[in-house]
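Colleague: Just passing along the structure, written as structure tokens.
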Amino acid sequence: MSTRNPAISKGIDWSLVWIWFILCAIGITSIFAASYHDGDNVVQGFISLKTDYSRQLLFFILAGIVGTFILLTDSKFFTATANLGYAFGIFLLLLVFPFHSRVKGTESIIRFGSAFQLQPADLCKLFVNLALAKYLSRVETNFTRPRSQLIAAVIALVPAMLSIMQKETGLSLVYFSFFLVMFREGLPASILVIGFSFSVLVVATLLLEPNTLALVLTAIALVAIYILRKAIKRTRSVLFLIVGVWFVCVGIQRFVVPFAFDHVFKPYQVKRIYDAIGKDYVPKDQATEVALENEVKTSGKKKDNNYNVKQSKIAIGSGGFIGKGLLKGTQTRYDFVPEQKTDFIFCTIGEGFGFLGSTIFLGIYVVLLMRIVTIAERQRSVFSRCYAYGVASVLFFHIIINVCMTVGLAPVIGIPLPFISYGGTSLLTFSIMLFILVRLDADRQMVLR
């Protein structure tokens with residue numbers, strides 16, 4: 001006979017709760033493997049609250065307690081407080097400017113004593129997801145209209161802009177994942193195509209010589225004119241459209257990208273992007289070189305920004321097919337990989353458990369994402385559906401970018417691995433997002449607004 005409290009268990013999708021528990025356990029184990037040194041007292045390390053893995057365990061217990069309270073909360077509470085929560089999130093982001101502490105090059109962290117710190121840019125993802133779901137579920141919101149689409153975009157991008165101002169470029173990019181939610185709710189696919197095409201054009205600008213890329217763009221335009229020649233005969237607007245797109249692309253290649261890389265991005269950020277695409281970055285002048293040197297001194301980063309990725313790939317590759325085993329990885333045990341408990345935690349799993357273990361681990365994420373999408377599609381409420389897709393989008397973005405970052409397929413932008421990377425704010429934020437989804441799904445027969 002089940003001993004669960006019916007008030008808690010009724011309608012709960014326990015598969016999500018178990019996946020959350022498994023991922024958190026893997027995270028604490030990975031942080032322990034990356035932090036443990038021979039001779040350490042394991043029991044004392046876990047109860048002292050002086051080690052990273054003991055603090056992560058504390059936040060895991062705290063997340064479980066908060067999650068239990070969420071499961072006991074009326075689902076209407078989340079719709080009623082969505083806008084208030086968004087305002088609170090913006091307030092926290094603004095509070096960073098006068099009270100921030102500079103940590104490893106970022107100015108997005110507020111410290112509370114020596115042991116705990118808060119990163120509002122990370123926490124605000126939760127508030128944006130609730131506020132966006134609230135707006136999209138309003139009866140008066142007609143998302144086929146450009147005005148509604150613009151308002152939704154503003155809701156997602158205001159925190160992103162504030163994060164950029166706090167030198168937290170990595171987390172600011174996460175807010176663009178909410179456009180996947182908007183796409184599900186009717187945002188034209190052309191906008192996503194334009195965004196993807198812009199990304200490809202930026203990468204091509206960095207890979208190819210300016211004149212070569214201009215010739216390639218011209219050739220593509222001529223091929224389009226030839227293919228659409230019949231449509232052009234019927235209306236000249238098609239020709240004007242092709243020529244206009246060509247001018248825009250060449251303008252981006254010649255002026256927009258160089259301006260952004262010279263005047264918007266920091267030198268170390270430009271170097272990371274070049275490292276990710278396999279090209280050497282040569283500072284354009286002495287001032288840029290001095291800026292790189294200053295960034296190394298103030299943030300404590302390696303002068304070779306690609307050093308982290310090189311060591312991470314060595315660690316993952318050394319794991320082979322079945323891995324070296326827990327606490328037997330030399331790269332991670334002896335701190336060859338910087339940030340191996342946070343941004344590069346995946347290399348600890350790769351070295352310890354190899355290709356097989358990494359595949360199983362990523363498979364757990366795939367099951368989690370597929371389950372969330374399934375849950376999203378069975379909701380009667382637009383609010384619950386949008387919120388569920390927001391959770392899936394944020395998790396997907398974090399997982400893809402972090403894993404690609406550790407194997408050199410994406411720039412190092414400081415994106416934590418959900419439930420795995422060390423960090424109390426990150427673990428609590430992801431856990432709260434997931435437990436709210438579990439609570440909303442338990443009331444999936446309700447129509448929330």
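Colleague: Among the residues of segment 225-243, what is the count of those that are in contact with a helix residue (DSSP H, G or I) (Cβ under 8 Å, 6 or more places away or on another chain) and part of a helix (DSSP H, G or I)?
Modeller: Of the residues in that region, 7 qualify.
Colleague: Starting from residues that are part of a helix (DSSP H, G or I) and in contact with a Cys (Cβ under 8 Å, 6 or more places away or on another chain), keep the ones in segment 328-377 and report whichever is modelled with the lowest pLDDT.
Modeller: For segment 328-377, the residue satisfying everything is 332.
Colleague: Go through (1) surrounded by 14 or more Cβ atoms within 10 Å (Cβ to Cβ); (2) over 12 Å from residue 120 (Cα atoms); (3) modelled with pLDDT of 90 or more for residue 68 and report which single condition fails.
Modeller: (1)
Colleague: Still on this structure: Out of (1) among the charged types (D, E, K, R); (2) under 21 Å from residue 400 (Cα atoms); (3) surrounded by fewer than 16 Cβ atoms within 10 Å (Cβ to Cβ), what's the single condition that is false for residue 168?
Modeller: Condition (3) is where residue 168 drops out.
Colleague: Any residue at all in segment 207-224 that's surrounded by 14 or more Cβ atoms within 10 Å (Cβ to Cβ), under 31 Å from the mean Cα position of the chain (by Cα) and part of a helix (DSSP H, G or I)?
Modeller: yes
Matching residues to (1) farther than 20 Å from residue 384 by Cα; (2) under 24 Å from the mean Cα position of the chain (by Cα):
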{"residue": "31", "(1), (2)": "yes, yes"}
{"residue": "37", "(1), (2)": "yes, no"}
{"residue": "46", "(1), (2)": "yes, no"}
{"residue": "53", "(1), (2)": "yes, yes"}
{"residue": "64", "(1), (2)": "yes, yes"}
{"residue": "75", "(1), (2)": "no, no"}
{"residue": "85", "(1), (2)": "no, yes"}
{"residue": "90", "(1), (2)": "yes, yes"}
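Colleague: Kindly indicate which of 56, 44, 117 is part of a helix (DSSP H, G or I), over 30 Å from residue 151 (Cα atoms) and at pLDDT below 80.
Modeller: It is 44.
Colleague: When you scan segment 390-405, do you find a residue that is under 24 Å from residue 143 (Cβ atoms), crowded, with 20+ Cβ neighbours inside 10 Å, in contact (Cβ under 8 Å) with a residue 24 or more places away in the chain and of a type in the set (S, T, N, Q), even just one?
Modeller: Scanning segment 390-405 turns up at least one residue that is under 24 Å from residue 143 (Cβ atoms), crowded, with 20+ Cβ neighbours inside 10 Å, in contact (Cβ under 8 Å) with a residue 24 or more places away in the chain and of a type in the set (S, T, N, Q).
Colleague: Next question, about the same structure. For segment 1-24, which positions are assigned to a helix (DSSP H, G or I) and either exposed (fewer than 13 other Cβ atoms within 10 Å of the Cβ) or at pLDDT below 75 (or both)?
Modeller: If the condition is that a residue be assigned to a helix (DSSP H, G or I) and either exposed (fewer than 13 other Cβ atoms within 10 Å of the Cβ) or at pLDDT below 75 (or both), then 6, 7, 8, 9, 14, 18 are the ones that fit.
The values are calculated or read from the model by the stated rules, or taken from the named source; none is laboratory data. Just so it is clear, the structure is predicted and the values come from calculations on it, not from any experiment. Virtual Cβ from ideal backbone geometry, glycine too; neighbours counted across all protein chains shown.
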